[in-house]
Amino acid sequence: MCLGIPGRVMAMLPGYGDQLALVEVEGAARKVNIGLLDEAPAAGQWVLIHMGFAVETTDAAGAEQAMSGLELMGRSRDDGAPGAGP
Amino acid sequence: MKYLDEFSDPDLAHRLLDQIHAATTGHWAIMEVCGGQTHSIIRHGIDQLLPDGIEMIHGPGCPVCVTPLEVIDKALAIAERPDVIFCSFGDMLRVPGSSQDLFRIKSRGGDVRVVYSTLYALALAREHPDPQEVLFGIGFETTAPANAMTVYQAKRMGVTNFSLLVSHVLVPPAIAAIMESPSCRVQALLAAGHVCSVMGTAGYPELADRYGVPIVVTGFEPLDILEGIRRTVLQLEQGRHEVENAYPRAVPATGNPVARRMLEDVFEVTDRSWRGIGMIPRSGWRLSDAYREWDAEARFDVGGIHTDESAICRSGEVLQGLLKPHECGAFGKECTPRNPLGATMVSSEGACAAYYLYRRLAPPGPAPAETAPAEPVAAVGHG
């Protein structure tokens, strides 16, 4: 229940006070309320959904940075160098 | 799926495990607060891959599990009424009350509906003006914004046949209660990423300082959890106790300001009982005065509830990290997901359900079920 579900915004839906977006979740199109976000997400953006509401947009830069850090750590072991710190 | 699959990469997981093994010299007990993290740890066998010196203690972060029996019984009393459509998230239907559950009421003809979006309950109320629509509003800071928004919309649209049965609870006061328990063995915490997506991380430095524990915010995929553990171990080994965010893709430091404003408007902080744990001061939300008219407890006469908890269920100790699920004498015998004695065996975020689904372990050594139950962390019993 407390686990947010990620989905990718397909499009905003006309009407509904500009608060509903069509979001692809695991291949299915769902209507998701985006009224709790600062601004309407763009098509293609990933959002975290709780109980029909998008509560956060996924920070692509944050994700890439985290993944780069993890991959860098992996390479450092191969190179025999000490692991990267936090 | 984007941002999930990459964070399950087995090669990177092995490399992270190597780092954790290399860094660990002491014996450390780390609590993952969230039940979603517990399931991921057990499902992927992460705890079995860690160094012997690291023990993962499963925390109370399962909203279904900690909803007090008294509230469950109130929900059942309301759902039984012929003039009520009772809306709930699916996890709650099999949670045992004192004598029955929502499934049983539904099977006897009660109008109990599973909803995936809180606004569906409000739409029902607008479509059916005669019956009362009641939404079961439970959960942590993650589910609260959706419920708050729904009550806000009900007020804005003047929907008077809708109400919310509120039992929201908050993570930081629960962490404080656990850390102050005389039985507490927790030396570090993995904080629940999605709670922080809403609330941010500002509440944690004070806890880290007060209890001298590292707190690392992290997510739910294997790499998220391993990275959280790696950072935690580094802090423990170096004698640090800081707050780190290992889940930046979903957790801005400030959380979600719009959701937080909504929560501050619709709810106010109150004392809450936690099932299996007891009363924790200022550990939950109730509707604020401006929205009290939509409070189901006030609308329906459900006072005088007498609760009757299972005598052999030890879920309270499981929720406090004092007992592993398979160490309970009823685990897998009297208590299974199909016939649960406690909510921890019901929920998709409950530790007992995780152990049952992924391991079915027998209790090691002499039956610990015969030992005296540990003291609850808070002063007052549950219910």
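The values are calculated or read from the model by the stated rules, or taken from the named source; none is laboratory data. Values in this document were obtained by computation on a predicted structure and should not be read as measured data. Glycine also receives a Cβ, built like all others from the backbone with ideal geometry; neighbour counts cover every protein chain displayed.
Worth pointing out:
- Looking only at the stretch B:233-253, and only at residues there that are more than 10 Å from every other protein chain (Cβ to nearest Cβ) and under 13 Å from B:V217 (Cβ atoms), the one that is modelled with the lowest pLDDT: B:A253
- Test: residue in the stretch B:74-94 that is more than 28 Å from B:E309 (Cα to Cα), touching a helix residue (DSSP H, G or I) at 6+ places or on another chain (Cβ under 9 Å) and surrounded by fewer than 22 Cβ atoms within 10 Å (Cβ to Cβ): no
- Test: residue in the stretch A:21-38 that is in contact (Cβ under 8 Å) with a residue 40 or more places away in the chain and either assigned to a strand (DSSP E or B) or not small (G, A, S) (or both): no
- Answer from B:I30, B:I42 - the residue that is away from chain A (no Cβ under 13 Å), modelled with pLDDT of 95 or more and surrounded by 21 or more Cβ atoms within 10 Å (Cβ to Cβ): B:I30
- Subset tally (residues that are touching a residue at least 40 places away in the same chain (Cβ under 8 Å) and over 15 Å from B:G61 (Cβ atoms)) for the stretch B:302-324: 13
- Residue match in the stretch B:97-108 (condition: farther than 25 Å from A:L3 by Cβ and buried (at least 23 other Cβ atoms within 10 Å of the Cβ)): no
- Each residue in the stretch B:100-147 was checked for being outside any helix (DSSP H, G or I) and either under 12 Å from B:F162 (Cα atoms) or out of contact with any Asp or Glu (no Cβ under 7 Å at 6 or more places or on another chain) (or both), and 27 of them qualify.
- Check on B:Q48, surrounded by fewer than 17 Cβ atoms within 10 Å (Cβ to Cβ) and assigned to a helix (DSSP H, G or I): yes
- Qualifying residue in the stretch A:57-78 (condition: under 25 Å from B:T143 (Cα atoms), crowded, with 17+ Cβ neighbours inside 10 Å and modelled with pLDDT of 85 or more): yes
- Residue in the stretch B:285-294 that is part of a strand (DSSP E or B), in contact (Cβ under 8 Å) with a residue 60 or more places away in the chain, under 23 Å from B:M199 (Cα atoms) and under 18 Å from the mean Cα position of the chain (by Cα) present: yes
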